[in-house]
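Each value in this text was obtained by applying a stated rule to the coordinates, not by laboratory testing. On a predicted model such as this, the values are computed, not experimentally measured, just so you know.
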Amino acid sequence: MKKHIPNALTCGNLLCGFLGITCCFEWSLWWAAYFILFAVIFDFFDGFVARALKVSSPIGKELDSLADMVSFGVLPALILYKLTQNEGGMMQAYGAVFIAIFSALRLAKFNLDTRQTDSFIGVPTPANALLIGSLPLIAHYHTEFADIAKHLYLLYAIMIVMPFLLIAELPLIALKFKRFDFEHNKFKYILLICSVILLIAFKFAAIPLIIVLYILLSILKNLVEKP
């Protein structure tokens with residue numbers, strides 16, 4: 001029975017992706033963003049539970065990628081499409097499809113790349129989805145950014161930059177701890193501490209800052225620890 005628990009959690013991730021997509025059709029983009037947050041929680045715990053119970057299977061790995069494609073590929077692309085649609089026009093909004101396409105490429109590369117055991121190569125799809133999902137939440141809860149959809153330069157920048165970062169040959173920090181001493185995990189601890197401080201100070205507006213900090217700290221780690 002226990003071998004099915006991680007797969008059930010993965011299906012919870014997939015369910016969140018589906019529900020988020022239906023919210024986009026109803027123009028409840030902030031609810032769609034919430035479902036990305038819920039999907040991230042399910043995505044974290046399916047792997048955590050699989051390791052804790054010492055159960056894994058080839059179908060679990062494939063199911064995880066398929067669920068991630070829906071929740072962290074299609075759903076954020078649809079959110080970005082909807083945000084851009086009214087202000088930028090239909091043709092420009094279709095640029096959001098590159099988020100979905102390059103998320104699929106990122107997930108396929110991850111399944112085949114044996115280097116990504118202790119770090120990631122390219123921005124993980126959940127991080128990209130959180131970045132895009134934070135936009136309607138910022139607009140909903142931070143009145144000073146209520147018209148975030150009108151900042152088309154920002155939306156277009158995400159369409160152009162994030163697909164590239166998803167598949168870039170850029171080693172990034174993975175929050176996996178084999179040991180907990182500060183010396184071997186200082187960049188991870190700095191990221192976690194700064195993230196908590198930013199979330200307390202800026203709430204949902206902190207999410208884009210955390211993603212940028214994550215990338216910058218990873219680059220700094222690569223420079224400092226370069227052999």
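Near the amide H of residue 172, under 5 Å away, which other amide H atoms are found, from residues 5 or more places off or on another chain, if H is placed in the peptide plane? Here 120, 121, 122 satisfy the definition. Between residue 53 and residue 18, residue separation times 0.36 nm minus the direct Cα-Cα distance comes to 9.8 nm.
Using a cutoff of 8 angstrom between alpha carbon atoms and counting only pairs six or more residues apart, the relative contact order for region 2-172 works out to 25 percent.
Quick one: which of 61/226; 176/226; 2/61 span more than 28 angstrom between C-alpha atoms? Where the Cα-Cα span goes over 28 Å, the pairs concerned are 61/226. Sequentially through region 59-65, phi angles give Karplus couplings (6.51, -1.76, 1.60; θ = phi - 60°) of 5, x, 5, 5, 4, 4, 5 Hz, Gly and Pro residues having no value and appearing as x. Counting only residues at least eight positions apart within a chain, or on another chain, the lysines with an alpha carbon under 24 Å from that of residue 82 are 150, 203. Region 84-141 and region 34-79 have Cα centres spaced 15 Å apart. In order along region 39-53, phi translates into HN-Hα couplings of 5, 4, 5, 4, 5, 5, 6, 5, x, 4, 5, 4, 6, 5, 8 Hz, rounded to whole numbers, per the Karplus curve 6.51 cos²θ - 1.76 cosθ + 1.60 with θ = phi - 60° and x for Gly and Pro.
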